[in-house]
Amino acid sequence: MSRFSLADQVIFGFLNATLVFTLAYAVLGFGTQFGAGFAIEDGPIEYGTAVALFMASLVLFWRAIRLGRAARIGAGLLVAFYALIFVFGAGEEISWGQRIFGWETTEYFLENNRQMETNLHNLAFGEEQLAKTLFGSVLTTVLLLYLVVLPPLYPRVRWIAKLADALMVPVPGLRHTIIAVVASLLVAVVDLPRKWEVYEFIFGLLSLSIFIGPANSAHFDTSGAPEK
């Protein structure tokens, strides 16, 4: 029977603890305490999400460098691009450090950002807010397809496997799919303020675990002869 790596044990410990704490807050009726403490802005969950996303980007950069050294330049560039996306996600989560370092918001963001901070996901144009459109339902759908639909199809549908490998997509394992489903159901049913902060934290930790040990890890292996 395969065993989880030490990294997975730590990450899944945080994942399970987060889900248990969230459920406990909901069952005990501590919604106010949840929103004002556990999931508060600039609290442990929000900063935890930023840290998890940034660590995930570092893992991807490490893989990109190894691929480049193995003469797999195209593959390395793709993975480096994915790493930049996660750097962007980490920066957006904490408004690029604005609340940490206390710099002033520019006039454009004061006029167009719902939080009047330096980030893109809270930009609003009239009644349209990016957090609810592009960063909301669209992104959630893409993530669920990645975490729930791709894993069972990858070993069974050849063209999907070839496409995922060609794009250097780290494929989630069954353990990641299970947590994603459980987290989605939990967040959907609990009545807690700022519950989506927990969902983002879960995704950040899942990403980190997936990138460390993807189901298609052999495709990222650079220990053998260089691949052109």
> Got the relative contact order for the stretch 79-220 handy, in percent, Cα pairs under 8 Å and 6 or more residues apart?
Replying inline: 15
> Beyond 24 Å, what percent of the Cα pairs of the stretch 1-115 remain?
Replying inline: 49
> For the stretch 43-91, max minus min Cα coordinate along each principal axis, in Å, sorted largest first?
Replying inline: 43, 13, 9
> How much length, in nm to one decimal, is gained on full extension between residue 84 and residue 62, taken as 0.36 nm per residue of separation minus their Cα-Cα distance?
Replying inline: 6.7 nm
> For the chain, with only Lys/Arg (+1) and Asp/Glu (-1) charged at the beta-carbon, what is the dipole magnitude about the Cα centre, in debye rounded to 20?
Replying inline: 1240
> If you stretched the chain out fully between residue 100 and residue 5, how much longer would it get, using 0.36 nm times the residue separation minus the C-alpha to C-alpha distance?
Replying inline: 30.8 nm
>> Using Cα springs under 10 Å in a Gaussian network model of the chain, which residue among 61, 101, 12 shows the largest mean-square fluctuation?
In response: 101
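Measuring with a 1.4 Å probe in the full set of protein chains, what accessible area per residue, in whole Å², belongs to the chain? Let's see the in-between values first.
On the way: 12680 Å² over 228 residues.
Ligands and nucleic acids excluded, the result is 56 Å² per residue.
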>> As a test question: what accessible area, to the nearest 10 Å², does residue 55 have when a 1.4 Å probe is rolled over all protein chains in place?
In response: 90
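Exactly which GluC sites (Glu not before Pro) in the stretch 163-228 are in a DSSP loop and have at most 14 other Cβ atoms within 10 Å?
On the way: sites: 197, 200, 227; in loops: 227.
Filter output for the stretch 163-228: 227.
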> Using a probe of 1.4 angstrom, how much of the accessible area of the chain is carbon and sulfur, in percent?
Replying inline: 69
> For all pairs of alpha-carbon atoms in the chain, what percent lies in each bin of width 10 Å, listed from the first bin to the last filled one?
Replying inline: 7, 28, 35, 21, 8, 1
> Top mean-square fluctuation among 213, 48, 68, Gaussian network model of the chain, C-alpha springs under 10 Å?
Replying inline: 68
> In whole Hz, what ³J(HN,Hα) sequence does the stretch 161-171 give by Karplus (6.51, -1.76, 1.60; θ = phi - 60°), x for Gly and Pro?
Replying inline: 4, 5, 5, 4, 5, 5, 8, 6, 8, x, 8
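How far, in nm, would the chain grow between residue 149 and residue 166 when pulled straight, counting 0.36 nm per residue and subtracting the alpha carbon separation?
On the way: separation 17, 0.36 × 17 = 6.12 nm, distance 1.81 nm.
Computed gain between residue 149 and residue 166 is 4.3 nm.
The values are calculated or read from the model by the stated rules, or taken from the named source; none is laboratory data. Source: prediction; values computed, not measured. Because the Cβ atoms are built from the backbone with ideal geometry, glycine has one as well, and the counts that use them run over all protein chains shown. Surface areas here come from the heavy atoms of the whole protein model, side chains and all, with no ligands, DNA or RNA. Shrake-Rupley method; radii C 1.70, N 1.55, O 1.52, S 1.80 Å.
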